[in-house]
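*Asks:* One structure is given below, represented as structure tokens, and several questions about it will come after.
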Amino acid sequence: MVSLTLKFIFMVIFLSSTLLLAHTGVKNEDVMKRMNLMKSMAENSKILGKMLKKKIPFNLEQAKSSLIEISKLSRSTPSVFDKMAMDPKSESKMIIWEEFDNFRDLSNKLADDTFSAAKNLSDVEDLKPALKNIALGCKGCHSRYRE
Amino acid sequence: MKALIFNRTVLITLPLFIIAVIVYTLITQPKKLTPIDLSLLKANLDNGKKVFLASGCNSCHISEGSDNKYLLTGGQKFFTNFGTFVAPNISNSKEHGIGSWNFSDFYNSIKFGQSPLGEHYFPAFPYNSYQHMDDKDIYDLWTYWKTLPSDETPSQVHDLVFPFNIRRNIGIWKILFMKDKYFDQTIDRSTYLVEALGHCAECHTPRNYLGGLKKSVWMKGGINPSGKGKIPSIHPEDLKWTKEEIMEYLSSGFTPDYDMVGGKMASVVENISQLSDLDRELIADYLLRIE
């Protein structure tokens, strides 16, 4: 009976991890970490975008929390790219590691800008310049460092 | 007996060879071009800049990673089955760019894919799309072009495999794939923006083994010539974005999931974001109506 339960647990773990990998097809764990970080950034930006477009009601606390989260994720970006990991599914360009200082500066700038946007946010009107800054920050990196 | 057979073979094959050479020479002959009459054209610099942005010349012709979007130094590489194309310097340098050209040279390069020396350009330069560009727009673009800076970096040579490295053969390519189908942009500006200026199909439509666009799978995605991976399909069946989402992407770079545009497309979006809302709406209209 114990052996059957163990088998079932292993099967669940195996299937969940397979599903997780199958979700993106990424095999390299470091690349997966990078992708998850980017995904979290997108999810937080999406909340702000929805508020700006009035698809969800504006909530000052939630907006601030999303901006701070984006700031934290931006600050952590260089650390998840520290290792030069590659995967067939990765869209990162090798130039990231050739210009790592610039890559770090861009990430830190986005972190500073979003933190300051969170500090100054008082109403929905402030979201527009905040989101514009996020777009510029993301684009600055993506245009140079992403396939 | 052997000599008789040899003579007979020569007698038959030599005329055929000569005919083949004549036919090849005739069909691959670059067009005889006439100078363009400028007397009726009045330049509009603002429109010239808009045409420049919509045509995305800088997306391929700035040097790799350059922050100056108006310095058309060239040097970006495009890897294809035919070899590697290197975007040339098309800045206003008289020695290394196109600074010594006149308007007719510029017009003929865009309309016919032909150099001032009468050589065919390789179709990595998307003249198959630009040929539909309105004459007035080409003139405005040229006028704007003359305000752009020059750069003295020499152009690099393409690294192509035989027989695709022979420019003359492009004459055959043009017969097969370059259709002189002009249309008036005032009738359908959506199509004009996407097919002529934006030349979206050049990357987003798969190509056949000779590099011609497969029209049956229009905008269904292609191979990425600047790196790994694929250029995604923007056919509405696959894209499934609303008009508002397409317009948002072309304006801010955010996808509906708030992923951010990357790679070459980031430059395209940066250009298109400087066009009017109406133009972005027209581009979205076109993308939504592809069948």
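None of the figures in this text is laboratory data; all of them are computed from the coordinates on show. It should be emphasised that the depicted structure is a prediction, and the values quoted were computed from it without experimental measurement. Cβ atoms come from the backbone with ideal geometry, glycine included; neighbour counts cover every protein chain shown.
*Asks:* Would you work out if region B:132-228 is rounded, prolate or oblate? Take a ≥ b ≥ c from the square roots of the eigenvalues of the alpha-carbon gyration tensor; rounded if a/c is under 1.5, else prolate when a/b is larger than b/c, oblate otherwise. Spell out each step's value before the answer.
*Replies:* On the way: a/c = 1.63, a/b = 1.09, b/c = 1.50.
Oblate shape, in that a/c is at least 1.5 and b/c is the bigger or equal ratio.
*Asks:* Right, something else. May I ask which residue of B:PHE122, B:LEU193, B:PRO88 lies farthest towards the positive end of the charge dipole of the protein assembly as shown, with charges of +1 (Lys, Arg) and -1 (Asp, Glu) on Cβ and the Cα centre as origin?
*Replies:* B:PHE122
*Asks:* Using a Gaussian network model on chain B with a 10 Å cutoff between Cα atoms, which of B:LYS214, B:LYS174, B:LYS49 fluctuates the most?
*Replies:* B:LYS214
*Asks:* Please state the shape class of region A:28-145: rounded when a/c is under 1.5, otherwise prolate if a/b exceeds b/c and oblate if not, all from the C-alpha gyration tensor.
*Replies:* Details: a/c = 2.43, a/b = 1.93, b/c = 1.26.
It comes out prolate by the Cα gyration axes.
*Asks:* For A:ALA85 and B:LYS240, what does the FRET efficiency come to when R0 = 41 Å and r is the distance between their Cβ atoms, rounded to the nearest 0.05? Walk me through the intermediate numbers first.
*Replies:* Numbers: r = 31 Å, r/R0 = 0.77.
After rounding, the FRET efficiency stands at 0.85.
*Asks:* Still on this structure: In debye to the nearest 20, how big a dipole does region A:43-147 give about its Cα centre with +1 on each Lys and Arg Cβ and -1 on each Asp and Glu Cβ?
*Replies:* On the way: 19 positive and 16 negative charges, 87 e Å.
Roughly 420 debye, rounded to the nearest 20.
*Asks:* Rounding to the nearest 20 debye, state how big the charge dipole of the protein assembly as shown is about its Cα centre with +1 on each Lys and Arg Cβ and -1 on each Asp and Glu Cβ. Can you show the working numbers first?
*Replies:* Numbers: 54 positive and 50 negative charges, 260 e Å.
Once rounded to the nearest 20, the dipole reads 1240 debye.
*Asks:* Sort B:LEU197, B:LEU16 by Cβ crowding within 10 Å, fewest neighbours at the top.
*Replies:* Numbers: B:LEU197 28, B:LEU16 9.
The most exposed by this proxy come first: B:LEU16, B:LEU197.
*Asks:* Same structure again: Compute the helix-to-body angle for B:277-289: its Cα long axis versus the longest principal axis of chain B, expressed 0 to 90° and rounded to tens.
*Replies:* 60
*Asks:* Also, I was wondering about something else. Name the aspartates and glutamates eligible as straight-distance cross-link partners of B:LYS230: C-alpha to C-alpha under 18 Å, and not fewer than 8 places from it in the same chain.
*Replies:* Output for B:LYS230: A:ASP87, A:GLU91, A:GLU147, B:GLU202, B:ASP238, B:ASP259.
*Asks:* With a 10 Å cut-off between alpha carbons and a GNM built on chain B, which of B:GLY198, B:GLY229, B:GLY118 moves the most?
*Replies:* B:GLY229
*Asks:* How far is helix B:243-252 tilted off the main Cα axis of chain B, in degrees rounded to 10, range 0 to 90?
*Replies:* The angle comes out at about 90 degrees.
*Asks:* Pick out, from B:LEU71, B:SER55, B:LEU41, the residue whose Cα sits farthest towards the positive end of the charge dipole of the protein assembly as shown, with +1 on the Cβ of Lys and Arg and -1 on the Cβ of Asp and Glu.
*Replies:* Farthest along the dipole direction, towards plus: B:SER55.
*Asks:* Over 21 Å between Cα atoms, which of B:LYS174/B:LYS264; A:LYS139/B:LYS228; A:LYS33/B:LYS220; A:LYS89/B:LYS228; A:LYS89/A:LYS109; B:LYS31/B:LYS94 qualify?
*Replies:* As for pairs spanning more than 21 Å Cα to Cα, those are B:LYS174/B:LYS264; A:LYS33/B:LYS220; A:LYS89/A:LYS109; B:LYS31/B:LYS94.
*Asks:* Among A:MET94, A:MET35, what is the fewest-to-most ranking by other Cβ atoms within 10 Å? Don't skip to the end; give the middle numbers.
*Replies:* Working: A:MET94 10, A:MET35 20.
Final ranking by Cβ density, sparse to dense: A:MET94, A:MET35.
*Asks:* Å³ per residue of the Cα convex hull, for the protein assembly as shown? Walk me through the numbers on the way to the answer.
*Replies:* Values: hull volume 105.1 nm³, N = 438.
Per-residue hull volume (Cα only) is 240 Å³.
*Asks:* To continue, here is another question. Residue by residue through region B:148-162, which ³J(HN,Hα) values in whole Hz follow from phi under the Karplus form 6.51 cos²θ - 1.76 cosθ + 1.60 (θ = phi - 60°), with glycine and proline marked x?
*Replies:* Values per residue, Gly and Pro as x: 7, x, 10, 9, 9, 7, x, 5, 9, 7, 5, 10, 10, 8, 5 Hz.
*Asks:* Taking the Cα centre of chain B as origin and charging only Cβ (+1 Lys, Arg; -1 Asp, Glu), how large is the dipole, in debye to the nearest 20? Mind showing how you got there, number by number?
*Replies:* Working: 30 positive and 32 negative charges, 325 e Å.
For this selection, approximately 1560 debye.
*Asks:* Rank the residues B:THR153, B:THR28, B:THR242 as a footprinting-exposure proxy: fewest other Cβ atoms within 10 Å of their Cβ go first. Walk me through the numbers on the way to the answer.
*Replies:* Numbers: B:THR153 15, B:THR28 18, B:THR242 12.
Ordered by Cβ neighbours within 10 Å, fewest first: B:THR242, B:THR153, B:THR28.
*Asks:* Compute the helix-to-body angle for B:103-112: its Cα long axis versus the longest principal axis of chain B, expressed 0 to 90° and rounded to tens.
*Replies:* Here the helix axis deviates by roughly 80 degrees.
*Asks:* Now, a different point. Where does region B:1-111 land on Rg/Rh, using Cα atoms and the Kirkwood Rh? Write down the numbers at each step before the final one.
*Replies:* On the way: Rg = 23.3 Å, Rh = 18.6 Å.
Over the Cα atoms of region B:1-111, Rg/Rh equals 1.25.
*Asks:* Further question: Can you give the Rg to Rh ratio for region B:31-289, taking only C-alpha atoms and Rh from Kirkwood?
*Replies:* 0.94
*Asks:* For chain B, modelled as a GNM with alpha-carbon contacts under 10 angstrom, which of B:MET247, B:MET133, B:MET260 fluctuates the most?
*Replies:* B:MET260
*Asks:* Taking 0.36 nm per intervening residue step and subtracting the Cα-Cα distance, what contour gain separates B:SER276 from B:GLU152 on full extension? Walk me through the numbers on the way to the answer.
*Replies:* Numbers: separation 124, 0.36 × 124 = 44.64 nm, distance 3.37 nm.
Full extension of this stretch gives 41.3 nm more.
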